[in-house]
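Worksheet for the structure shown next.
The values are calculated or read from the model by the stated rules, or taken from the named source; none is laboratory data. Fair warning: this is a prediction, and the values are worked out from it, not measured in the lab. Cβ placement follows ideal geometry from the backbone for every residue including glycine, while neighbour counts extend to all protein chains displayed.
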Amino acid sequence: MKALIIYFSQTGNTKKIAETIKKGILKSGNMCDIAPIKNVNINLLESYDLIGIGTPTFFYREPKNVLNFIQNLKETKEKHCFIFCTHGSLIGNTFYHMNEELSKRGYIVIGTFDCYGSSSIQFYPQPMHTEGHPDEIEFMEATEFGENICEINLKVQNGQMNLIPQFELISKTWWALQSKQLTVEVLKKISPKFNINLDVCTKCLTCQEACPTNSIDVEAEPPEIQKEGCISCWYCEKVCPEGAIEADWSMMEKASKSNLIGYIEALKEAENQGKFRPYIDYQNIK
């Protein structure tokens, strides 16, 4: 059996999980290729028996560039796939939405994997509450998932349809209501406007190459940033080695305080259930 793992990663958490799942697939005696989402030729997917798609969770669901990738897939007939994600507290409806879009194109999701990931969102305190994740236990679980997913693939092909996961849309929680409101258009309005300080910028292209939607052109005169297609991931501002991208985060800091409380409450519940292991005193983050 030959699998392909496709992933979108910025801070590296999702990439690490993708590589770990690959190790599990190889350990099971099957073949596996891996590629970042930007480098995938969708015309070659038919040559694989199993497709995996991984993403970080943005605003309680898959980011817009991952959604666009899925929507651009060629229609197939009952091709099996698995989906996975990393998240800072709440997975939200990520898997529900991904499954909905994949099923429209003839894909059948036969398995899912998720884990926590440390993050460094500009307007939250540092270190964040999930510092230290993914941890060794999550990497072990990702390896086991990879070992098992090919066997599940064969069992579903042989008629064990009860192994196919079911997905439910959650719609009445505070985060679900917020997720509906935070469309790409709304995010553009509330996100700080970025400015490239030309006195500091060396045109190293780090931000441009890191942009998941090619929404930066540093070589333009003047340089362009947050162009059409920007998904408000804010990663360019974070990775600029010279600190040349300037933004005012004060409004986002004020607006996000209630979210931070909700994230910590969700982590407390997960910790009580044995699903989350804290490595810092996250309950005192303010």
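Considering only residues of the range 179-228 that are part of a helix (DSSP H, G or I) and touching a residue at least 40 places away in the same chain (Cβ under 8 Å), which is farthest from the chain's Cα centre (by Cα)? Break it down into steps so the answer makes sense when it comes.
Applying the first criterion (part of a helix (DSSP H, G or I)) to the range 179-228 yields 179-181, 184-190, 206-210.
When the remaining residues are screened for being touching a residue at least 40 places away in the same chain (Cβ under 8 Å), the result is 179, 184, 187-188, 190, 210.
Working: SER179: 15, VAL184: 16, LEU187: 17, LYS188: 19, ILE190: 21, ALA210: 15 Å.
Among those that are part of a helix (DSSP H, G or I) and touching a residue at least 40 places away in the same chain (Cβ under 8 Å), it is ILE190.
For the range 90-108: of the residues being of a type in the set (S, T, N, Q) and more than 19 Å from GLU269 (Cβ to Cβ), which is surrounded by the fewest Cβ atoms within 10 Å (Cβ to Cβ)? Here the residue is SER103.
From the list THR86, THR14, which one is under 17 Å from CYS211 (Cα atoms), touching a Cys at 6+ places or on another chain (Cβ under 9 Å) and either at pLDDT 95 or above or part of a strand (DSSP E or B) (or both)? Outline the logic, then answer.
Numbers: THR86 fails: under 17 Å from CYS211 (Cα atoms).
It is THR14.
What number of residues in the range 42-58 are part of a loop (DSSP other than H, G, I, E, B) and either in contact with a helix residue (DSSP H, G or I) (Cβ under 6 Å, 6 or more places away or on another chain) or surrounded by 23 or more Cβ atoms within 10 Å (Cβ to Cβ) (or both)? Write out each step before concluding.
Here is the first cut: in the range 42-58, the residues part of a loop (DSSP other than H, G, I, E, B) are 48-49, 57.
Now restrict to residues that are either in contact with a helix residue (DSSP H, G or I) (Cβ under 6 Å, 6 or more places away or on another chain) or surrounded by 23 or more Cβ atoms within 10 Å (Cβ to Cβ) (or both): 57.
The qualifying residues number 1.
Can you pull out every residue in the range 120-167 that is without any contact (Cβ under 8 Å) to a residue 24 or more places away in the chain and under 18 Å from TYR263 (Cβ atoms)? Steps first, please.
Initial filter on the range 120-167 (without any contact (Cβ under 8 Å) to a residue 24 or more places away in the chain): 126, 136, 140, 155, 158-162, 166.
Within the range 120-167, GLN126 is the sole residue that qualifies.
Of all residues in the range 56-87, those satisfying the criterion of being farther than 15 Å from VAL109 by Cα and either of a type in the set (Val, Ile, Thr) or not assigned by TED's automatic domain parsing to the domain that holds CYS150 (or both) are THR57, VAL66, THR86.
Is the range 152-172 home to any residue that is modelled with pLDDT under 95 and either among the basic types (Lys, Arg) or touching a Pro at 6+ places or on another chain (Cβ under 7 Å) (or both)? The answer is yes; a qualifying residue exists. Confirm whether SER28 is of a type in the set (Ser, Thr, Tyr) and either exposed (fewer than 15 other Cβ atoms within 10 Å of the Cβ) or without any contact (Cβ under 8 Å) to a residue 12 or more places away in the chain (or both). Taking the combined requirement at face value, the residue does not satisfy it. Here LYS238 passes the criteria (1) of a type in the set (Lys, Arg); (2) under 16 Å from SER191 (Cα atoms); (3) over 23 Å from the mean Cα position of the chain (by Cα) except the one numbered (3).
For the range 229-254, what are the residues that are under 19 Å from VAL66 (Cα atoms), free of Cβ contacts under 8 Å to residues at least 60 places away in the same chain and crowded, with 17+ Cβ neighbours inside 10 Å? The answer is CYS230, SER232, CYS236.
Listed here are the residues, each with its yes/no results for (1) over 20 Å from TYR116 (Cα atoms); (2) outside the structural domain of ILE91 (by TED's automatic domain parsing); (3) assigned to a helix (DSSP H, G or I).
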position	(1), (2), (3)
ILE137	no, no, yes
GLU141	no, no, yes
GLU147	yes, no, yes
GLU151	yes, no, yes
LEU154	yes, no, yes
SER171	yes, yes, no
TRP175	no, yes, yes
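Can you find, within the range 109-125, the residue that is surrounded by the most Cβ atoms within 10 Å (Cβ to Cβ) among those that are modelled with pLDDT of 95 or more and hydroxyl-bearing (Ser, Thr, Tyr)? Let's see the steps before the verdict.
Within the range 109-125, the first condition is being modelled with pLDDT of 95 or more, and the residues that meet it are 109-117.
With hydroxyl-bearing (Ser, Thr, Tyr) added as a condition, the list becomes 112, 116.
Numbers: THR112: 18, TYR116: 25.
Selected residue: TYR116.
A search for C-beta distances below 8 Å between a residue of the range 10-21 that is of a type in the set (Gly, Ala, Ser) and any residue that is at pLDDT 95 or above and surrounded by fewer than 19 Cβ atoms within 10 Å (Cβ to Cβ), counting only pairs 6+ apart in sequence or on different chains, returns ALA18/ILE34. Here LEU73 meets the list (1) in contact with a strand residue (DSSP E or B) (Cβ under 7 Å, 6 or more places away or on another chain); (2) surrounded by 14 or more Cβ atoms within 10 Å (Cβ to Cβ) almost entirely, failing just condition (1).
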